[in-house]
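Visitor: Could you have a look at this structure, given as structure tokens, before my questions?
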Amino acid sequence: MRLTGKTAIVTGGGSGFGEGIAKTYAREGANVVVNDLNGAAAERVASEIALAGGKAIAVAGDVTRADDWSALRAAAIEDFGSVQIVVNNAGTTHRNKPVLDVTEDEFDRVYAVNVKSIYWSVREFVPYFREQGGGVFVNIASTAGVRPRPGLVWYNGSKGAVIVASKALAVELGPDRIRVNCVNPVIGETGLLAEFMGVEDTPQNRQKFLAGIPLGRFSTPQDIANAALYLASDEAEFITGVCLEVDGGRCV
């Protein structure tokens, strides 16, 4: 039980990678706060954790809004007393398409969800973690921030921003015993798969993307959860500023 006695907030925890992280953390003893814009999805995941013997609550909220972050922290402390881990997993993309076809609204939404959400998490939790004597951020970035693909220019840029910001935060917050690390998933079997591909999800279209992954498959929520578990655990207490690629060799 690698997270016994810890409380973790997981944004975007109602599906995909976030669901995998939330359930894995709960199995490892953490109290989990499942956040999602879709309140029903968050409730489902929290209920499934509870049915499996874990401890979780669901908190609906928009990670692009400061007030929702404040409410998220308050709910976590009210139910579990303290918070040690924040997983910034919530993310979105514009559809894979030529750069000049991306609208301003799509651009703004990608940067609000993928980047500004981390700004708000830092504003909300760094003062709290300083008071507590330390804490952990795990930010879910992407291999797109390291090996960008055509057609996803602004998504690539947003994930590059997450990677650089995480490294800078790690350096600045290290003296406060606040660790900041990233996980960089390769394309995975989540609700955003067709958007990333920009074409219909068919075996033939999947093969075009699988061809660039030496281990020959997409990432899964459990793959990402395993990495996020290690980075949040005490086993990684001397690791900060790291961006761990979970990509089947894509970035080699």
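Visitor: Test of understanding: what is the full-extension gain from V252 to I239, defined as 0.36 nm times their sequence separation minus their Cα-Cα distance?
Guide: Gain on extension, V252 to I239, equals 2.5 nm.
Visitor: Only helical DSSP H runs with n ≥ 4 go in: add -39500 (n - 2.57) per run for the chain, normalise by residue count and round the 222 nm mean residue ellipticity to 500 deg cm²/dmol.
Guide: Working: 9 runs with 110 residues, N = 252.
Computed ellipticity for the chain at 222 nm equals -13500 deg cm²/dmol.
Visitor: In addition: Of L37, L100, L193, which has the largest mean-square fluctuation in a 10 Å C-alpha GNM of the chain?
Guide: The residue that fluctuates most here is L100.
Visitor: What distance in nm lies between label points placed 7 Å from Cα along the C-beta direction at D67 and T4?
Guide: The modelled label-to-label distance comes out at 4.2 nm.
Visitor: Could you calculate the contour length gain from D101 to Y119, that is, 0.36 nm times the residue separation minus the distance between their Cα atoms, to one decimal place in nm? Please report the intermediate quantities before stating the final value.
Guide: On the way: separation 18, 0.36 × 18 = 6.48 nm, distance 2.74 nm.
Full-extension gain reported as 3.7 nm.
Visitor: Using a Förster distance of 41 Å, how high is the FRET efficiency between A168 and A50, based on the Cβ-Cβ distance and rounded to 0.05?
Guide: Efficiency, from the Cβ-Cβ distance: 0.65.
Visitor: If you don't mind, there's one more thing I want to ask. From the P(r) of the chain, could you give the percentage of C-alpha pairs in the tail past 26 Å?
Guide: Roughly 35 percent, rounded to a whole number.
Visitor: Here's a follow-up. Under the rule that a partner needs its Cβ under 4.7 Å from the first Cβ, which Cys of the chain have none?
Guide: So far as the 4.7 Å Cβ criterion goes, C251 stand without a partner in the chain.
Each reported figure results from applying straightforward, stated rules to the coordinates on display, with no laboratory input. Source: prediction; values computed, not measured. As a convention, Cβ positions derive from the backbone with ideal geometry for all residues, glycine included, and neighbour counts pool all protein chains shown.
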